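The values are calculated or read from the model by the stated rules, or taken from the named source; none is laboratory data. Since the model is a prediction, treat every value here as computed from it, not as a measurement. Cβ placement follows ideal geometry from the backbone for every residue including glycine, while neighbour counts extend to all protein chains displayed.
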């Protein structure tokens with residue numbers, strides 16, 4: 001069935017370093033790939049998304065890359081700051097009918 | 001511009017009871033989806049409403065039901081509550097039913113005792 005794998009489950013970095021989170025999806029029909037940041041006790045906040053007709057998208061310190069052939073997509077955060085600490089979820093869907101989420105990555109940025 | 005709003009934020013129910021959660025979509029959005037997020041896990045899709053009809057459903061029992069009103073707001077009902085229903089229930093909205101960005105609310109924390 002539909003599945004999204006996400007790695008690593010935890011990631012600790014020093015402030016200013018880069019962080020990379022990787023996801024793999026199973027349904028080749030998937031065409032929409034959002035990333036959400038979830039802080040403790042809050043709902044998921046959309047930080048960036050990419051559609052299957054684009055290979056890379058960047059928004060300030062955040063970038064997402066998509067490899068459709070390998071069914072991989074990745075989140076890259078540069079110049080990390082303590083306020084980037086949160087749980088990050090990748091997701092995949094076909095025309096956003098139903099989001100299938102990864103298992104989450106807990107990112108800790110140490111000052 | 002108000003985002004997705006949900007109520008109540010927290011509630012405690014007893015096993016066997018019924019619960020109703022409410023959601024108002026982001027302004028301009030007409031599609032509402034509900035997700036269940038257990039502690040330490042990613043959200044799981046329950047169902048989606050578009051034009052007041054349930055358009056797609058995830059792998060949840062019939063105890064989970066919903067409704068969408070003409071103003072696009074939505075309710076999630078869960079009957080015969082089980083301890084395992086304890087979770088964060090998230091409402092998400094988008095426009096047009098497909099192909100557009102999805103935004104989430106802050107969720108309703110349900111504890112079943």
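Observations on the structure shown:
- Scanning the stretch A:56-97 for residues that are closer than 16 Å to residue B:41 by Cβ, free of Cβ contacts under 8 Å to residues at least 60 places away in the same chain and either part of a loop (DSSP other than H, G, I, E, B) or more than 10 Å from every other protein chain (Cβ to nearest Cβ) (or both) yields a total of 1.
- Matching residues in the stretch B:66-95 - criterion: being exposed (fewer than 14 other Cβ atoms within 10 Å of the Cβ), in contact with a strand residue (DSSP E or B) (Cβ under 7 Å, 6 or more places away or on another chain) and more than 16 Å from residue B:24 (Cα to Cα): B:82, B:83
- Take the conditions (1) crowded, with 19+ Cβ neighbours inside 10 Å; (2) under 11 Å from the mean Cα position of the chain (by Cα); (3) at pLDDT 95 or above; residue A:50 misses just one of them, which is (3).
- Scanning the stretch B:31-65 for residues that are assigned to a loop (DSSP other than H, G, I, E, B), surrounded by 13 or more Cβ atoms within 10 Å (Cβ to Cβ) and within 13 Å of chain A (Cβ to nearest Cβ), we see that the one that is farthest from the chain's Cα centre (by Cα) is B:41.
- Within the stretch B:66-109, the set of residues being within 14 Å of chain A (Cβ to nearest Cβ) and assigned to a strand (DSSP E or B) comprises B:87, B:88, B:89, B:90, B:91, B:92, B:93, B:94, B:103, B:104, B:108, B:109.
Every residue, every condition in (1) out of contact with any strand residue (DSSP E or B) (no Cβ under 6 Å at 6 or more places or on another chain); (2) buried (at least 18 other Cβ atoms within 10 Å of the Cβ), yes or no:
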site	(1), (2)
A:27	yes, no
A:30	no, yes
A:37	no, yes
A:56	no, no
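- Meets criteria (at pLDDT 95 or above, under 19 Å from residue B:42 (Cα atoms) and exposed (fewer than 13 other Cβ atoms within 10 Å of the Cβ)) for residue A:10: yes
- Count of residues meeting criterion [over 15 Å from the mean Cα position of the chain (by Cα) and in a loop (DSSP other than H, G, I, E, B)] in the stretch B:4-28: 6
- Residue within the stretch A:98-105 that is outside any strand (DSSP E or B), surrounded by fewer than 18 Cβ atoms within 10 Å (Cβ to Cβ) and more than 10 Å from every other protein chain (Cβ to nearest Cβ) present: no
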